[in-house]
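Notes to accompany the following structure.
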Amino acid sequence: MASSSSNLISLKTSDGTVFKVERALAKTMKTVQAIIEEADANIYMIPIHNVFSHHMDMIIDYYKLSVAGKSKEFSVEKLDNDELKDFLLAVHYLNMEDLFEVLTQAVADRLEKKSVGYVRKYFGIENDFTPEEYAAIRKKNDWAFKGDDIEPEEDEEKQEE
Amino acid sequence: MNPSFCGNASTQCIAAGIPISHCRFSLSIVRSLYMSLFNKKANQDDHIDRISDLPSNVIDGILEHLSIRDLVRTSILSTNWRYMWTSVPTLKFQGRSFLPDDHLNYPSPVVSKIITDVLMLHNGPIYKFNLLIPYGCSFEITLECLNTWIPFLSRNVKHLELVNNGTYLDKMPYIVFSCKELTKFRFGGFNLSIPPNFSGFKRLLNLQLQMVTFESGALESLISGCPLLEKLRIEYCHGFEYFHISTPTLKVLSLVFDKNMKSICLKKAQNLSDLTLMANDGWVPGLIKSLPKNMQRFCCIASFSDKKNVFADIIPPTLLKSSFNSIKYLRLANVILNERRELLYIVSVLKSAPCLVELDIQNYSLVDVAQPPDHSEELECRSCCLNQLKTVNIKIRATSNQDAMSLIRFILATSTSLKTLTFDVGLGSQKLDALVLLSISQDLLLMKRASQRAEVKFLH
């Protein structure tokens, strides 16, 4: 029993599901790897907080695709913005470099050329500039704000008054 | 560290999901599990922008992927965000995401000032810097520009791309050679000469050159200054007629050359396993003097419109025997299939590649060879067994379908492990009529197959 289980690591997600994953996959999770290495004995089961079973499902999908050389086929299109953020946080917690790159790129793609208002909403940011400060920054970096391809600001006219 | 917590390690074991029987008591396991939870919370309190709900290094990760305009616009999100973009170590002034269609006509000093201002505001190391001038923009990356900008980058930059739109014959300034940390370097639209005191790019792994004019010996000096080079790509460059490489670390090479290329000699590149050769406007017979011994992927693309493009001319049979025995993936593009000599040549290529797993043959060429197709002799199959070949793709213009059929018959009869063969005659605007398509389908079905599992797909 001991030798067969040494190729699989048990990970328990926040919602209580236990996933048995290949050692090679566990190695891509630096957080988990650190726990394994610090352990004096073979760890029986590792809890992974902030990671839910639907996250683990996607992580395993990505792993299978990248082993087959098809990592480009992995897509998070079906996730809405909040789900993508949650998944990114889970992967960040597990410290998985490649998947982190993929997900931060996916978020950046969703923010590309969006209006400032949209980006504020996405990150949950409140605008605390005075109208004068706002106008000054806007003017200084005018080249970055202009362009037919950028979503126009809704509240721009209000700010500049 | 809370002492009461330490005292009750067994309870902590249970809470952490570790059965006690497996816990040769070790405080460190329990501690690290607890700390990873504890630290996460601490980090969240320290680093989280109380307004946003993402930790700062996640935000940095996202910002690194933003194009420059999107990145600079984050300065207006809130007072906290005003300077967040200035420490992102990646700056990408790339194509139309930097200068969209309505900005292409910005005068050069304006473009130059934008980049200078960004570099001056930036703080912290810059690991990746891309400047790719979009098509249609007249701005040129000049000596003065680079002399201003490179000093901001030279200490740390690992990944540098400087590509002019088109060919611009200003010399690549020597200051660029002071970027010692480069691991990836791409440049285009410059004239290259190597400074006399060039000590090399000791960490460079990936080098890509496009539309560069080499002064005499410049390419050789550059490559020999890169002892760790693994990937090299040279496209549409001028000023070199002999390409003899002996870099032992090189794994991937892609070379697009023109009629001026006289000799390609690759036998000394012992680790070269992925090779792509493309003729821009034809090639001279005997061009390839030697190939690497352990090639696994080989892609050879003849020129689109040259009538004298015969593969048989440039890779002689002796080379086939010595260099093709480890090839797993082979792609030949713009093969003139209705030249009997060429068809026989492809067969000899297949016979020299016993490890071949995937074959890709494409013909986009518009060339119509005058000689009438010769179907009198089918290709001899008995002495050949392609027992690793699994996937074959043949994609041609509708008019050359007859010659492709001879090749397909040969492949089906000799490939004992074949899984899929895809025959696509849809290239080009000329379409075959329904009767011809039907007769091709029927012929394909009737062909003898060495592999019972083989699936033949016919696309039109």
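Each value in this text was obtained by applying a stated rule to the coordinates, not by laboratory testing. Small disclaimer: the values here were computed from a predicted structure and weren't measured. Here the Cβ positions follow ideal geometry from the backbone for every residue, glycine too, while neighbour counts run over all protein chains shown.
Could you derive backbone 3J(HN,Hα) for region B:213-222 from the dihedral phi with the Karplus parameters 6.51, -1.76 and 1.60 (θ = phi - 60°), listing whole Hz in sequence and x where the residue is Gly or Pro?
Residue by residue, region B:213-222 yields 9, 8, 6, 4, x, 5, 5, 4, 4, 5 Hz.
Non-local amide H neighbours of B:A333 (under 5 Å, H modeled in plane, Pro and chain starts lacking H): which ones?
Close amide H contacts, sequence-distant or interchain: B:C300, B:I301, B:A302, B:Q362.
With Cβ to Cβ distances under 13 Å as the rule, what net charge do the other residues near B:Q94 carry (K, R +1; D, E -1)? Each step should come with its number before you reach the end.
Numbers: positive: B:R69, B:K92, B:R96, B:K128, B:R186; negative: A:E112, B:D70, B:E161.
Around B:Q94, the charge tally is +2.
Based on C-alpha coordinates, I'd like the Rg and Dmax of the protein assembly as shown, in Å.
Gyration radius and largest Cα-Cα distance of the protein assembly as shown: 29.8, 93 Å.
Just the number, please: percent antiparallel of the DSSP beta bridges in the protein assembly as shown, rounded to the nearest 5.
Details: 5 of 84 bridges.
So the antiparallel bridges amount to about 5 percent of the total.
Give the Kirkwood hydrodynamic radius (Å, one decimal) of region B:124-279, defined as one over the mean of 1/r across all pairs of different Cα atoms. Let's see the in-between values first.
Numbers: mean 1/r = 0.0629 Å⁻¹.
Computed over Cα pairs of region B:124-279, the Kirkwood hydrodynamic radius comes out at 15.9 Å.
Give me the inter-chain shielding for A:46-52: mean count of other chain Cβ atoms within 10 Å, whole number please. Present the calculation step by step, with values, prior to reporting the outcome.
Details: counts 5, 7, 2, 4, 2, 0, 0.
The mean count of partner-chain Cβ atoms within 10 Å per residue comes to 3.
What list do you get for B:Y135, A:Y93 if you sort them by fewest beta carbons within 10 Å?
Details: B:Y135 10, A:Y93 20.
Ascending Cβ contact count within 10 Å gives the list B:Y135, A:Y93.
If contacts are Cα pairs under 8 angstrom and at least 6 residues apart, what is the relative contact order of chain A in percent? Write out the running numbers ahead of the final one.
On the way: 128 pairs, mean separation 28.9, N = 161.
It rounds to 18 percent for chain A.
Rg to Rh for region B:310-351: what is it, with Cα atoms only and Rh by Kirkwood? Intermediate results must be reported in sequence, preceding the final value.
Details: Rg = 10.1 Å, Rh = 10.8 Å.
My calculation of the ratio gives 0.94.
For peptide A:96-108, compute the average count of partner chain beta-carbon atoms within 10 Å of each residue's beta-carbon.
Taking all residues of A:96-108 together, the mean is 3.
Counting only residues 5 or more places away or on other chains, whose amide H sits under 5 Å from the amide H of B:C237 once H atoms are built in the peptide plane?
For B:C237, the qualifying residues are B:M211, B:V212.
With the cut-off at 1.5 for a/c, could you classify region A:31-89 from its C-alpha gyration tensor as rounded, prolate or oblate? Mind dumping the intermediate values first?
Working: a/c = 3.13, a/b = 1.59, b/c = 1.97.
The shape class here is oblate.
What lysines does B:K128 reach when the alpha-carbon gap must be under 17 Å and sequence neighbours fewer than 8 apart in one chain are set aside?
Here the lysines satisfying the reach criterion relative to B:K128 are B:K92, B:K158, B:K180, B:K184.
Just name one of B:V58, B:T420, B:T247: the one whose Cα is farthest towards the positive end of the charge dipole of the protein assembly as shown (beta-carbon charges, Lys/Arg +1, Asp/Glu -1).
Value: B:T247.
Using a Cα-Cα cut-off of under 20 Å, which lysines could be cross-linked to B:K431, ignoring same-chain neighbours fewer than 8 residues away?
B:K395, B:K457
Just the number: Rg to Rh for region B:165-227, Cα atoms, Kirkwood Rh, two decimals. Present the calculation step by step, with values, prior to reporting the outcome.
Values: Rg = 11.0 Å, Rh = 11.8 Å.
So for region B:165-227, dividing Rg by the Kirkwood Rh gives 0.93.
Please list the non-local residues whose amide H lies under 5 Å from the amide H of B:E161, H modeled 1.01 Å from N, same-chain partners needing a gap of 5 or more.
Distant-sequence amide H within range of B:E161: B:F129, B:N130, B:L131, B:R186.
So what is the relative contact order for region B:69-189, in percent, with contacts set as C-alpha pairs under 8 Å and at least six apart? Provide the component values of the computation, followed by the final result.
Working: 181 pairs, mean separation 28.3, N = 121.
Over region B:69-189, the number comes to 23 percent.
With everything on Cα atoms, drop me the angle between helix A:97-111 and the longest principal axis of chain A, reported from 0 to 90° to the nearest 10.
30 degrees
A 31 angstrom limit on the alpha carbon distance is what I want to check against. Which of A:K70/B:K448; B:K171/B:K251; B:K293/B:K390; A:K30/A:K70; A:K64/B:K448; A:K72/B:K328 exceed it? If you can, show how the numbers build up before the last one.
On the way: A:K70/B:K448 33 Å; B:K171/B:K251 29 Å; B:K293/B:K390 23 Å; A:K30/A:K70 22 Å; A:K64/B:K448 37 Å; A:K72/B:K328 22 Å.
Beyond 31 Å: A:K70/B:K448; A:K64/B:K448.
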